1. Would you kindly state how much longer the chain becomes between ARG86 and GLU189 on full extension, computed as 0.36 nm times their sequence separation minus their alpha carbon distance, in nm to one decimal?
2. Considering only protein heavy atoms, what is the solvent-accessible area of SER99 at a probe of 1.4 Å, reported in Å² to the nearest 10?
3. What's the long-distance tail for region 57-193, i.e. % of Cα pairs beyond 22 Å?
4. What residues from region 84-99 fall in the zone where the backbone N is under 18 Å from a label point 7 Å along the Cα-to-C-beta line of SER138?
5. Can you list residues whose amide H is under 5 Å from LEU197's amide H, if they're 5+ apart or on another chain and H is modeled 1.01 Å from N?
6. Contour minus end-to-end for ALA120 and SER99, with contour as 0.36 nm per residue of separation and end-to-end as the Cα-Cα distance?
7. With a probe of 1.4 Å, find how much accessible area region 124-194 has per residue, and write the answer as a whole number in Å².
8. Placing unit charges on C-beta atoms (Lys and Arg positive, Asp and Glu negative, everything else neutral), compute the dipole magnitude of region 129-191 about its Cα centre in debye, rounded to 20.
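The values are calculated or read from the model by the stated rules, or taken from the named source; none is laboratory data. Just so it is clear, the model here is predicted, and its values are computed rather than measured. As a convention, Cβ positions derive from the backbone with ideal geometry for all residues, glycine included, and neighbour counts pool all protein chains shown. For accessibility, only protein heavy atoms count, side chains too; no ligands or nucleic acids. Shrake-Rupley method; radii C 1.70, N 1.55, O 1.52, S 1.80 Å.
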Amino acid sequence: MIFSRKRAAGRHARDERAAEMPETTEVTEEAPAAPARGPYDVTEAPEGVQRLDLGSLQIPAVPDVEVRVQADQQGVIRQVILVHGRSALQVGVFAAPRSEGIWDEVREEIRQSLLNDGAAVQEVAGEYGTELHARVRSEDGLTDLRFVGIDGPRWMVRAVYQGEAATNPAKAGPLARCLDGLVVDRGAEAKPVREPLPLRLPREAGQQAGPATADAPSTPGGR
């Protein structure tokens with residue numbers, strides 16, 4: 001199918017500071033300003049943007065970016081991969097607790113898993129905070145991966161760049177714009193921490209074709 005960022009710690013910190021204010025302090029209630037960029041919670045997403053609705057994730061339409069999904073017979077999506085030129089971006093979204101983000105913990109587990117598999121791994125400061133840059137062995141030889149995590153209110157987006165965008169963030173271009181414009185619809189239902197949030201094919205897509213397959217390698221740390 002073709003369809004033509006600071007970390008959420010700031011959100012948690014705002015909530016904590018508000019709770020610590022003395023009761024005698026007068027507070028003028030104002031609507032919180034929307035983040036300058038996403039991924040956005042559905043309650044903060046800007047209007048007037050064309051997006052592909054996959055349930056818990058809504059992907060903005062960016063020219064020349066192809067959206068590939070792998071889904072089962074019931075239309076439940078197992079993988080979402082965005083492709084542009086010689087680069088790809090795999091995205092997933094997971095449940096998180098209300099009080100704190102989970103990327104730091106998840107990142108360390110991914111790092112240990114990669115090291116156990118003999119991969120070269122390093123932590124690098126990125127636009128969203130600390131990233132993981134790794135070089136792993138695959139059927140096609142050595143593959144570079146760049147793991148990015150963004151904590152939001154009760155969710156975490158994990159994004160994995162492959163190809164040119166993995167080694168040179170300046171090459172991410174349209175894929176980075178997709179990540180900046182992602183919208184997460186967490187829903188109100190209680191979910192175990194780290195459980196993948198449900199993704200589904202749009203109804204019209206499911207009526208037009210059977211399960212779609214994404215032609216890309218699986219990545220460490222996935223579920």
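1. My answer for the length gained is 33.3 nm.
2. About 80 Å², ignoring ligands and nucleic acids.
3. Of all Cα-Cα pairs in region 57-193, 40 percent lie more than 22 Å apart.
4. Counting only backbone N, you get 84-92.
5. When sequence neighbours closer than 5 places are left aside, the close amide H contacts are VAL93, PHE94, ALA95.
6. Details: separation 21, 0.36 × 21 = 7.56 nm, distance 3.28 nm.
The ALA120-SER99 span can extend by a further 4.3 nm.
7. Dividing the accessible area of region 124-194 by its residue count gives 42 Å².
8. Charge dipole of region 129-191: 120 debye, to the nearest 20.
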